[in-house]
Amino acid sequence: MGRYRRKNKRINHHSEKRRKFNTTEQDLIECYLQHYFHAANRVCFPPDHHHDGFDSDNDDDDDDDDETIRMSNCQVKDFETSTTWIGGHAFPALTAHILEGPYLALPSTLGTRERRTVYEICVHVGLFHTGAGQKFHNRYTVVSIHPDGFDYVPDLDKPLNFPVTRCKPWFYRNDIGLCPSLRERLSVSSYTFSPHFLSRHKVRDMTRKSRVAIEELMAYPYQCLRGHLESLESCKSVPEFREEVFDNSKIILVDTAEKMKVCALHLSSNDAITELAFDVEAYNANKYKQATCLLQLCTNLNDEYIIDVFAPGVWDEVSLLQDVFAKSSVVKIGHGISGIDIPCLHRDFGIFVINAFDTLEAAMRLRLHGYLSLAKLCKYYNLPDDLERHSKLKELYQNCDWRERPLKVDQIEYGILDVRYLIQLRRLLIRDILEYDTVPQLVTNGMGRESSECISPLKLTRELSCTSQSVIGGVDSMDIDVDGDEDDNDDGIEQHNITCLEEEEEDEDELVEDENNDNGIDCEMIDPTSSLEEDENSFFTAHDENDGKSQSTTGSKVSDLRYHQLLMDVLKVSQQKCLSLWTEKSEPLEKNEVLHHMMMRADQIAKQGESRNKKVWTEQDLWLYKELAEWREDVAKKIGIMPSMVCPLNLLVLVAYKRPGSLMSLRRLNYFLPDIFGCEDHSHHLEDLFSVVAGAGAENDMLVNTDAVVRLYSERQTRRKVKSPTPVGNNVVENGDLSHNDATEPSTIMEQKSNEQNHNDDISLRNIVKRVNIFGKISVTAAVASIAIFWVRILKRKK
């Protein structure tokens with residue numbers, strides 16, 4: 001189902017006009033943000049209250065830098081007095097009120113690509129930056145010079161946490177095939193390559209066996225039918241769907257490991273379960289970063305399950321569903337299964353879907369092009385009673401972030417609606433396919449050629465009589481009486497529908513008895529109590545026991561459906577979609593968007609020949625970026641997760657560019673760091689990251705100076721309380737001048753005198769430091785002069 005959703009999402013975004021800033025506008029934004037950076041530092045931390053040990057010469061240098069930036073960009077616009085219009089967006093005036101605030105909110109009219117450009121410029125300037133507001137509605141960017149400035153943003157968009165270390169994908173984990181005692185002794189610190197290679201061997205072996213089973217069903221698609229339970233008569237008479245049998249209060253929420261075990265045991269041991277509808281809600285950032293968030297199941301016995309895979313202990317137990325999904329006697333029904341469902345089940349839990357039916361494929365074969373989505377297809381068949389309720393839930397939760405916990409009641413209802421009607425949809429679609437395809441459309445003759453023209457029953461019988469063995473709809477052999485005359489064969493075919501009607505009028509008990517005596521398709525069942533070796537050999541077996549037998553021995557109930565080529569095609573393509581398994585994808589390093597922007601910026605600065613000192617992307621940064629990518633791959637192997645779950649490549653590009661050496665430096669690049677960096681058990685991986693960066697060279701000077709002092713906004717507020725006017729009775733104390741009054745308290749006067757004394761002490765201390773620096777410079781100059789005089793005298797003596 002995820003594939004169809006992403007397709008619609010791409011189409012909608014493609015219709016919008018995406019705009020981006022040009023080079024001139026980017027330079028103006030950089031000038032604007034640099035002015036905010038220096039002006040906010042001067043306002044919040046005035047020169048006379050510096051606490052970092054820098055002297056006033058550095059402040060003069062900052063003023064010179066501001067003036068240089070203004071002159072180099074030829075800007076005459078005053079950012080502090082009027083609104084700055086850049087690219088049609090109104091950037092607020094940098095007034096004293098805004099500069100004294102904890103953060104700066106940029107206009108909400110910026111698009112997605114424009115906000116990304118602003119983020120990259122913030123990295124160059126050295127500002128903390130992140131997003132705020134709701135996604136797709138009133139989204140805006142906030143920047144700040146304070147590490148704690150975003151604590152005051154009312155609608156800050158904090159990313160949802162993902163339990164990386166607790167929810168390890170089956171495809172990547174390192175403990176597959178290990179006994180529980182060995183799993184407990186295995187840790188990340190004592191990582192060896194043996195468990196990794198053993199797990200990869202298990203993954204490859206089970207994947208190979210599942211492919212063989214799926215390919216067998218593709219070769220014999222009639223095996224996907226439910227044996228004696230599905231005949232031509234039963235498929236054409238679909239019972240009416242009863243909504244009252246479903247009750248939302250009876251939905252089973254699986255949120256503990258014990259409930260997951262009971263659910264898996266019930267589904268795998270109950271032989272009455274022959275149809276299983278399933279759907280997956282996943283977190284899908286890109287094709288390199290995905291994770292299953294919710295699993296919904298519904299059986300033909302009206303049992304409905306919502307499996308919360310993020311609940312403690314549930315993720316590791318979901319693999320118990322491997323047995324029921326591998327049973328070829330149970331039809332697994334989904335809608336658009338090849339996009340998200342099949343890869344997620346395979347990657348995260350090692351579940352291989354054997355014998356599936358894709359309702360989206362069936363709807364496409366029936367040419368229901370206006371009803372391809374699940375909601376519209378249900379509307380076409382009038383399945384849900386409340387269509388407006390279904391549409392409203394779809395609008396709210398179809399594209400929501402399913403990592404959010406706890407689950408809402410409406411989310412559970414929406415999730416179960418995705419599977420509640422799939423079983424009935426399969427029956428209705430098969431009925432319409434049989435009515436649409438009353439005569440076989442494709443016939444393969446003895447020479448192996450296919451004909452797409454409609455063939456009359458007379459011509460069909462003649463062609464069958466000329467060949468000793470034919471294949472129609474995947475049938476290997478057919479026992480058709482061709483010894484009689486031509487008219488008898490024609491009459492037998494024409495009387496087919498009449499025979500079906502007569503069989504429907506038979507007594508129900510006799511029909512059941514005939515079907516029990518029928519030697520139709522009997523798909524292999526899997527014994528859940530078998531050993532591991534037996535399970536590996538028989539787990540994916542889907543071969544028909546009656547394969548190779550004649551039609552007279554296998555019966556006529558299921559064989560009637562074999563001749564409907566359209567139905568066989570739907571079954572075959574549905575099995576082919578089960579081969580859309582997860583494959584290990586290597587994210588290309590050179591195709592990263594942030595990397596391209598860094599290189600383009602370096603080329604533009606080189607072409608313009610700007611005189612100011614700007615940090616640009618170099619070959620050494622590219623080498624460090626590749627080293628960091630190797631570090632990420634090694635960490636992912638040690639933990640047993642996807643490499644993209646460690647950290648995105650965008651962050652590694654910025655790390656290679658700025659070369660941070662502390663956690664605060666990383667937050668300037670990405671305010672909300674990946675979850676793996678905040679985990680105490682994996683803190684040594686962060687130390688390894690800093691070691692790789694330190695081995696490439698020193699940090700950027702700007703980041704060293706800014707990280708040497710952490711200027712918190714809360715600290716700024718404390719200083720302002722000391723400096724700001726303090727009410728004393730009916731008078732005001734300002735700048736240390738006390739107006740004595742009868743209402744003035746002695747404690748307040750003493751406190752003010754103490755503050756004045758501390759202020760004078762700070763000034764005297766700064767004067768002393770300044771004098772020491774002057775004397776230091778004089779002494780260095782004298783030493784250099786004495787050395788020069790010494791060498792001059794030696795040269796004179798030699799002459």
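The values are calculated or read from the model by the stated rules, or taken from the named source; none is laboratory data. Nothing here was measured: the structure is a model prediction, and the numbers come from that model. For neighbour counting, all protein chains shown are included, and Cβ atoms are generated from backbone atoms with ideal geometry for every residue, glycine included. Each accessible area value is taken on the protein alone, full model and side chains, heavy atoms only, with ligands, DNA and RNA left out. Shrake-Rupley method; radii C 1.70, N 1.55, O 1.52, S 1.80 Å.
Being of a type in the set (Ser, Thr, Tyr), farther than 9 Å from Tyr103 by Cβ and either crowded, with 18+ Cβ neighbours inside 10 Å or in contact with a Pro (Cβ under 6 Å, 6 or more places away or on another chain) (or both) is the filter here, so list the residues in region 124-162 that pass it. Residues satisfying the conditions are Thr130, Thr141. Look at region 343-362 and say how many of its residues are open to solvent by 10 Å² or more (accessible area, probe 1.4 Å), under 15 Å from Ser580 (Cα atoms) and not charged (D, E, K, R). Residues meeting the conditions: 1.
Mind checking whether some residue in region 325-342 is farther than 30 Å from Arg431 by Cβ and either hydrophobic (A, V, I, L, M, F, W, C) or crowded, with 18+ Cβ neighbours inside 10 Å (or both)? The answer is no, given that none of the residues of region 325-342 is farther than 30 Å from Arg431 by Cβ and either hydrophobic (A, V, I, L, M, F, W, C) or crowded, with 18+ Cβ neighbours inside 10 Å (or both).
Of all residues in region 573-630, exactly one satisfies the criterion of being over 30 Å from Ser210 (Cα atoms), among the polar types (S, T, N, Q) and surrounded by 15 or more Cβ atoms within 10 Å (Cβ to Cβ), namely Asn592. The residues of region 338-376 that are closer than 27 Å to Met642 by Cα, at pLDDT 95 or above and of a type in the set (Val, Ile, Thr), listed by number, are Ile342, Ile351, Val353, Ile354. Please count how many residues of region 352-386 are more than 19 Å from Ile342 (Cβ to Cβ) and either among the basic types (Lys, Arg) or without any contact (Cβ under 8 Å) to a residue 12 or more places away in the chain (or both). Final tally of qualifying residues: 9. Contact map, region 267-292: first residue without any contact (Cβ under 8 Å) to a residue 40 or more places away in the chain, second residue open to solvent by 10 Å² or more (accessible area, probe 1.4 Å), Cβ cut-off under 7 Å, separation 6 or more or different chains; pairs are Ala272/Leu301. Out of the residues in region 404-445 that are assigned to a loop (DSSP other than H, G, I, E, B) and either touching a Gly at 6+ places or on another chain (Cβ under 9 Å) or within 19 Å of His564 (Cα to Cα) (or both), state the one that is modelled with the lowest pLDDT. Only one residue tops the list, namely Asn445.
Does at least one position in region 202-214 carry a residue that is touching a Lys or Arg at 6+ places or on another chain (Cβ under 9 Å), open to solvent by 60 Å² or more (accessible area, probe 1.4 Å) and modelled with pLDDT under 95? No, region 202-214 contains no residue that is touching a Lys or Arg at 6+ places or on another chain (Cβ under 9 Å), open to solvent by 60 Å² or more (accessible area, probe 1.4 Å) and modelled with pLDDT under 95. Contact map, region 98-117: residues that are within 17 Å of Val43 (Cβ to Cβ) and open to solvent by less than 60 Å² (accessible area, probe 1.4 Å) paired with residues that are in a helix (DSSP H, G or I) and charged (D, E, K, R), Cβ distance under 9 Å, separation 6+ or inter-chain. Pairs shown: Leu99/Arg42; Glu100/Arg716; Glu100/Arg720; Pro102/Asp151; Pro102/Arg716.
Residue count for region 588-613 under the criterion of being in contact with a helix residue (DSSP H, G or I) (Cβ under 6 Å, 6 or more places away or on another chain) and assigned to a loop (DSSP other than H, G, I, E, B): the result is 3.
On the stretch given as region 275-312, residues that are open to solvent by 10 Å² or more (accessible area, probe 1.4 Å), under 30 Å from Ser586 (Cβ atoms) and not in a strand (DSSP E or B) total 3.
The lone criterion from (1) modelled with pLDDT of 90 or more; (2) assigned to a helix (DSSP H, G or I) left unmet by Leu673 is number (2).
A count restricted to region 311-351 and to residues that are within 17 Å of the chain's Cα centre (by Cα) and of a type in the set (Asp, Glu) stands at 2.
You will find that of Gly729, Gly697, Gly661, the residue that is among the small types (Gly, Ala, Ser), open to solvent by 20 Å² or more (accessible area, probe 1.4 Å), under 23 Å from Met598 (Cα atoms) and at pLDDT below 80 is Gly697 and no other. All conditions but one from (1) over 23 Å from Leu669 (Cβ atoms); (2) modelled with pLDDT of 75 or more apply to Cys31; the one that does not is (1). In a residue-by-residue description of region 100-118, the property of being in a strand (DSSP E or B), at pLDDT 90 or above and not acidic (Asp, Glu) applies to at least one position.
Quick check on region 237-270: of everything there that is among the polar types (S, T, N, Q) and over 18 Å from Trp315 (Cβ atoms), which residue is most open to solvent (accessible area, probe 1.4 Å)?
Ser249
Just so you know, in region 22-36 the residues that are touching a helix residue (DSSP H, G or I) at 6+ places or on another chain (Cβ under 8 Å) and of a type in the set (Asp, Glu) include one that is most open to solvent (accessible area, probe 1.4 Å), and it is Asp27. Region 315-403 holds no helices (runs of 4 or more DSSP H) entirely within its bounds that carry 3 or more residues that are in contact with a His (Cβ under 6 Å, 6 or more places away or on another chain).
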